[in-house]
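The values are calculated or read from the model by the stated rules, or taken from the named source; none is laboratory data. Note that the structure is predicted; figures quoted are calculated from it, not measured. Because the Cβ atoms are built from the backbone with ideal geometry, glycine has one as well, and the counts that use them run over all protein chains shown. Surface areas here come from the heavy atoms of the whole protein model, side chains and all, with no ligands, DNA or RNA. Shrake-Rupley method; radii C 1.70, N 1.55, O 1.52, S 1.80 Å.
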Amino acid sequence: MQSSAPRTISHAPWISPAEWAAFEASGTNAHRICSITGAWVERFGQDLLFNYQNPSQLERLRDEWAARAPAYPFTPQRIFGRALPVQNADRMAPVLLEGDPGEPVETVVTEAGMKIGLDFAAGYSVGLFLDQRANRAALRSYRPRRVLNTFAYTCSFSVVAALAGAETLSVDLSQKSLDRGKTNFTLNGLDPAAHRFFADDVQETLPRLARRKEQFDAIILDPPTFSRGNKGRRFRAEDDLEALLRSALELAAPGARILLSTNCTKLNVPELERIARFSLKAARMNGALQQTPALLDFPRGTAASTVWIQLR
Ligand SMILES: C[S@@+](CC[C@H](N)C(=O)[O-])C[C@H]1O[C@@H](n2cnc3c(N)ncnc32)[C@H](O)[C@@H]1O
């Protein structure tokens, strides 16, 4: 999930043509191409999405793109713009700035060969959070047998795990997002009927799974900064992440890996590590904390803060 909080960026903001080619060569056509403070540009297959806080940033980025475009092996089919609001309540779907309005708003992108369906009209988020790419790759490399993907959204973590042979359980409040997740399974030649999808509140589902003595070899915890769940139950990352991790630890098989990730600006990596150590101690469990490699298209401080816990 991408943060809209402005962070100062001090390096060359556009990826190089060689980096673009490296994404292509790795089977990835969904990545950032530019980041400046408080604004960025994403490539999604044949389309570009300009994210900006004010019109002058949009103008600057479009001018810079126009000057640089000939260097890249790419001609965008469409250009979308998405205003980044101060308040979540003001979030709106991207708007088409250039291109044929008659073209379908749904498209399919690839990440290391995995296919993910996007929808530019579905809402504020189009269907794939690019800053979780390294965490998806890490999950795939762990080859877990049983995976619990909480706050699953369009189930991209579940799909990578299933491609590596896992049985997955995806939990999200939104049936619509889970239905998109099932389509993502199908797009990748995976049978969604062989996997579980629970349209429910994660905070209520985890204790229920624990009562049933379910166990998982990998658990994904990448919640939103704030949400309201069933019966108006509140989730606020800064207050509730620790309790979420404690519930997840009850479901962790020996040697399990747990991803703790957040865009909440109050929870940086040292704070996540503190929460992880404290929760392990409270649960009388041992674990090692690991980082995922930085992404070349996300300047420092612009991707979600992340810690992987590996239980001993
Ligand atoms: C930012 S997305 C998660 C992104 C996801 N981890 C990924 O990488 O694609 C937040 C998702 O959490 C879901 N959600 C929010 N609160 C929830 C809750 N209490 N229980 C279950 N799902 C929730 C929303 O419906 C939304 O799909």
Calculate, for Asp100 and Ala71, the FRET efficiency according to 1/(1 + (r/R0)^6) with r their C-beta to C-beta distance and R0 22 Å; round to the nearest 0.05. 0.30
Using a Förster radius of 22 Å, what is the FRET efficiency between Arg211 and Lys176 based on their Cβ-Cβ separation? Nearest 0.05, please. 0.20
What fraction, in whole percent, of alpha-carbon pairs in region 130-311 exceed 23 Å separation? 37 percent
What nm value, rounded to one decimal, do you get for the distance between Ser56 and Asn188 when each label is placed 7 Å out toward the C-beta? 4.3 nm
Ignoring any ligand, DNA or RNA, what whole percent of the accessible area of region 130-311 comes from carbon and sulfur when the probe is 1.4 angstrom? 49 percent
What does the extension gain come out to for Glu204 and Ala89, with contour length at 0.36 nm per residue minus their alpha carbon separation? 38.9 nm
Round to a whole angstrom and tell me the spacing of the C-alpha centers of region 64-83 and region 143-186. 32 Å
Per q in 0.19, 0.23 1/Å, what log10 I(q)/I(0) does a Debye calculation on the alpha-carbon atoms of region 17-119 return? -1.04, -1.39
Spin-label point model (7 Å from Cα, Cβ direction): what's the Ala294 to Asn268 distance in nm? 1.4 nm
Can you tell me the equivalent ellipsoid semi-axes for the chain? Use √(5λ) from the Cα gyration tensor, largest first, whole Å. 32, 21, 19
On a straight-distance basis, which lysines could pair with Lys266 in a cross-link, Cα separation under 28 angstrom, same-chain partners fewer than 8 positions away excluded? Lys231, Lys281
Quick one: if you stick a label point 7 Å off each Cα along the C-beta vector at Glu24 and Arg277, how many nm between them? 4.6 nm
